[in-house]
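Chemist: First the structure, which I've put down as structure tokens, then a few questions once you've had a look.
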């Protein structure tokens with residue numbers, strides 16, 4: 001998945017009121033041990049989602 005799309009998913013999660021720990025890449029089924037991807041690939045996705053969430057959180061700051 002494209003990092004921009006993942007960031008948008010994070011931003012939408014924040015708009016729905018989800019907490020940062022709702023990051024789907026923190027779930028066991030999406031971690032490298034389950035997906036077979038490298039830790040670096042997984043981390044890029046997890047951080048993209050978090051950046052989107054944090055950016056939206058900064059803009060909302062409610």
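None of the figures in this text is laboratory data; all of them are computed from the coordinates on show. Owing to the predicted nature of the structure, the values given are computational and were not obtained by experimental measurement. Cβ sites come from the backbone with ideal geometry, for glycine too, and all protein chains shown count toward neighbours.
Chemist: Can you tell me how many residues in the stretch 40-62 are under 13 Å from the mean Cα position of the chain (by Cα) and either outside any helix (DSSP H, G or I) or free of Cβ contacts under 8 Å to residues at least 12 places away in the same chain (or both)?
Modeler: The number of residues fulfilling the criteria is 3.
Chemist: Can you report the number of residues in the stretch 5-39 which are more than 24 Å from residue 56 (Cα to Cα) and part of a helix (DSSP H, G or I)?
Modeler: Residues in the stretch 5-39 being more than 24 Å from residue 56 (Cα to Cα) and part of a helix (DSSP H, G or I): 7 in total.
Chemist: Between a first residue in the stretch 1-19 that is touching a residue at least 12 places away in the same chain (Cβ under 8 Å) and at negative phi and a second residue that is part of a helix (DSSP H, G or I) and exposed (fewer than 13 other Cβ atoms within 10 Å of the Cβ), which pairs have beta carbons less than 8 Å apart while being 6 or more apart in sequence or on different chains?
Modeler: Every condition considered, the pairs that remain are 14/60; 15/60.
Chemist: Within the stretch 1-17, which residues are surrounded by fewer than 14 Cβ atoms within 10 Å (Cβ to Cβ) and more than 9 Å from residue 53 (Cα to Cα)?
Modeler: 1, 2, 4, 5, 16, 17
Chemist: If a residue must be under 18 Å from residue 2 (Cβ atoms) and surrounded by 13 or more Cβ atoms within 10 Å (Cβ to Cβ), how many such residues does the stretch 18-42 contain? Lay out the reasoning, then the answer.
Modeler: Pass one, the stretch 18-42, residues under 18 Å from residue 2 (Cβ atoms): 23-25, 30, 35, 37-38, 40-42.
Those left that are additionally surrounded by 13 or more Cβ atoms within 10 Å (Cβ to Cβ): 23-25, 30, 35, 37, 42.
Residues in the stretch 18-42 being under 18 Å from residue 2 (Cβ atoms) and surrounded by 13 or more Cβ atoms within 10 Å (Cβ to Cβ): 7 in total.
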